[in-house]
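Here is the structure we will look at.
The values are calculated or read from the model by the stated rules, or taken from the named source; none is laboratory data. Note that the structure is predicted; figures quoted are calculated from it, not measured. Note: ideal-geometry Cβ built from the backbone for every residue, glycine included; neighbour counts use all protein chains shown.
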Amino acid sequence: MRGAVALLVLLFCLSGAWTQEESGRVRESDITQQGHSTERESRGSEATEVTGERATTQPDIWDEMKGLRDMLFEQREKLRTMEGRVTACEGEVEAQKNTVMDLRIQLMVTKAKVAELEKDDAALEARLSASERELTTTRNDVEELKRQNTVGLCVFSPVFTDRPNVAFSAAGLKDKGPIGPFNTDTNLVYTRVITNIGKAYSPITGAFTAPVRGIYYIRFTAAQHGLGYMGISMFKNGQATMSNYHYNSHGYWIHLSNGVILELEEGDVVYMRLPASYRLYDNSYNQNIFSGFLLFTV
């Protein structure tokens, strides 16, 4: 575009030069004619020929200049049109640059979000792995409990074993009043039988005799009322298994309870004894109880 403009300017300058040159030639010819009138007359025929030639050439130059001027105007209009198009293109380019910048910003934001999602995904995967491990552990625990439950059913249930049913509970040391104190240790006889499955407890002797070899749970509850010392002991085959003592300082009801798991051979005897110088208190509400049952045979 700029080359075309320069070409037009160059043509315009050359046309001006050609016009000045022709005008100078005309003025020079006039001076020559005025100074040498005699020569003009003698060369009349030659001047007439030259003047006719110049009159013929000058209109051609003006036509060419007019054409160049029109071409110049046309090129200027084209130049303005092209400048408008260039301006519009530049505006579009700026708009595209802004769009590209916005897209870059959006891309950066998207990358940041993707990175955050990847972190969240990693955290979720870690949590999922931990949950899966915990689930596996729980399943193993459940399977172990099922196995133990199956073994327990085989051990405890009378459907799977020949274990006899043995359970007893007895009360009634006295209808009402204190028991003791005595000068010597005294066996306690619970005369009020509550439960006696297997007939292993004797309300006459107050002793429980193991019918089979096995593991038994034996427990008791003792009561005392009034100021003084209370005490009770559990014996197995004449040997003390446990003893419990307490001092009643306020004179109201107090109770002692305890239990123990015993491995008993068939025929072993378990009973309760009141130590010398200690006492208990009983009434019809079964304040003192002696109980036990078979867990499983061995």
Among the residues of the stretch 169-195, what is the count of those that are on the phi > 0 side of the Ramachandran plot and crowded, with 16+ Cβ neighbours inside 10 Å?
2
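Could you tell me whether Tyr201 is over 18 Å from Pro181 (Cα atoms), aromatic (Phe, Trp, Tyr) and more than 60 Å from the chain's Cα centre (by Cα)?
Values: over 18 Å from Pro181 (Cα atoms): yes; aromatic (Phe, Trp, Tyr): yes; more than 60 Å from the chain's Cα centre (by Cα): yes.
Spelling it out, Tyr201 is indeed over 18 Å from Pro181 (Cα atoms), aromatic (Phe, Trp, Tyr) and more than 60 Å from the chain's Cα centre (by Cα).
Considering only residues that are outside any strand (DSSP E or B) and crowded, with 16+ Cβ neighbours inside 10 Å, which ones fall in the stretch 212-222?
Here is the first cut: in the stretch 212-222, the ones outside any strand (DSSP E or B) are 212-213.
Across the stretch 212-222, the qualifying residue is only Val212.
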From the list Tyr281, Tyr271, pick out the single residue that is at pLDDT below 95, buried (at least 22 other Cβ atoms within 10 Å of the Cβ) and part of a strand (DSSP E or B).
Tyr281
